[in-house]
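Bear in mind these aren't lab numbers, they're just calculated from the coordinates by the rules spelled out. Since we're looking at a predicted model, the values are computed, not measured. No Cβ is skipped: glycine too gets one built from the backbone with ideal geometry, and neighbour counts run over all protein chains shown.
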Amino acid sequence: MTQEQSNVSIPIGIQTAIKNIKPISPYVLEMVTNTSLEDLSLLDLARKLSFEPVLSARILDATKAAAYGLSKEVESVFQAVSILGGRRVLDIIVASSLQDSFGKSFLTVEYDIWEHSLLVAYAMQGMLRELDMFITPLARGFTTGLMHDIGKLVLLQYLKNEKRDAELAEFSKYAVSGGDKAIDAERILFRVTHMDIGAYLAKSWSMPEEMVTAIANHHMKDKRRFPNGLTRLLVWAHTLVDKNLTPDQKRSMLPFSIIDKQEELLASIQREVDNIIFFFEK
Ligand SMILES: [Fe+2]
Ligand SMILES: [Fe+2]
């Protein structure tokens, strides 16, 4: 089976762990995968949101934080969407729809994976804005970044279910930034990788094939084999935020137009992540 294919067989115990991961609601998926900023109508977005009470409450909350200092009270979702802007609202919707799965405590490895995933998600957006080419809609890029390591949550859950405490402690150590060694260890320990499981999950949630393929291949090294533009973007975003890579390694992977802007781009990505974490940690 080639790496591009995502139809791997998932061991039974791991399938049980998959059931513990809360799917993204079809409503949220429809909104983020089909929306490009150009045709995003704030009125339409607010109207759709008004049918989702939990999300509406979160958006109102985020607006109060963002609009600190405004004399007027934020009372309606439409008002909130106008203040925050469509882009920000979509980010919050996706990040909050996954946050329940990732865990809310600073001290868990799940939280660290969520934070890493946010960095990659904002790196996807930042690069899409920087690159002078259309690869994918911003919202789809963001969601793919946020979802890319969700397979790791399943593997952690599986070890917890099986009460394999020693392996759980070991896996937790390298789960966030283990690189290739961690992937080899996954193959030995679980017979599948977090990329296989992420792709399997994305497929079972009816995400577009382009996203499934990108998640399945996000650790691909050979630039000539990238199966689609979204995979290429995901590998670039991952490379940009990876603290374990040397400047030379980054240079060999990143597109030419990004190489000289790395520091600037990373600083703005970090600011975006800090803002959204501040919102969730309130
Ligand atoms: Fe990752
Ligand atoms: Fe990964």
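Here's the picture: charge each Lys and Arg Cβ at +1 and each Asp and Glu Cβ at -1 in the range 150-243, and of 198, 231, 161 the one pushed furthest to the positive end of that dipole is 231. Rounded to the nearest 20 debye, the dipole size of the range 190-270 about its Cα centre is 260 debye, using +1 on the Cβ of Lys and Arg and -1 on the Cβ of Asp and Glu. When +1 charges are put on Lys and Arg Cβ atoms and -1 charges on Asp and Glu Cβ atoms, the dipole computed for the range 108-181 relative to its Cα centre reaches about 140 debye.
Please report how far the C-alpha centroid of the range 238-258 lies from that of the range 149-176, rounded to the nearest whole angstrom. Answer, in whole Å: 28.
Annotation note: GluC sites (Glu not before Pro) in the range 124-219 located in DSSP loop regions with a Cβ neighbour count of at most 15 within 10 Å are 162. Quick note on the range 159-249: its Rg to Rh ratio, both from C-alpha atoms and Rh being the Kirkwood radius, is 1.00.
On full extension, the segment bounded by residue 134 and residue 166 gains 6.9 nm, given 0.36 nm per residue less the C-alpha separation. Checking the Cα-Cα distances for 160/223; 163/221; 221/261; 160/250 against a 25 Å cut-off, the pairs over it are 160/223; 163/221; 160/250.
Which of the lysines could a cross-linker span from residue 64 if the Cα-Cα distance has to be under 30 Å and same-chain partners fewer than 8 positions apart are dropped? Here the lysines satisfying the reach criterion relative to residue 64 are 22, 48, 72, 104, 282. This model, with +1 at the C-beta of Lys and Arg and -1 at the C-beta of Asp and Glu, gives the range 122-226 a dipole about its Cα centre of some 80 debye.
Here the gap between residue 8 and residue 108, fully extended at 0.36 nm per residue and compared with their Cα-Cα distance, gives a gain of 33.1 nm. What's the FRET efficiency of residue 22 with residue 225 using the Cβ-Cβ distance as r and R₀ = 35 Å, to the nearest 0.05? Computed FRET efficiency for residue 22 and residue 225: 0.60.
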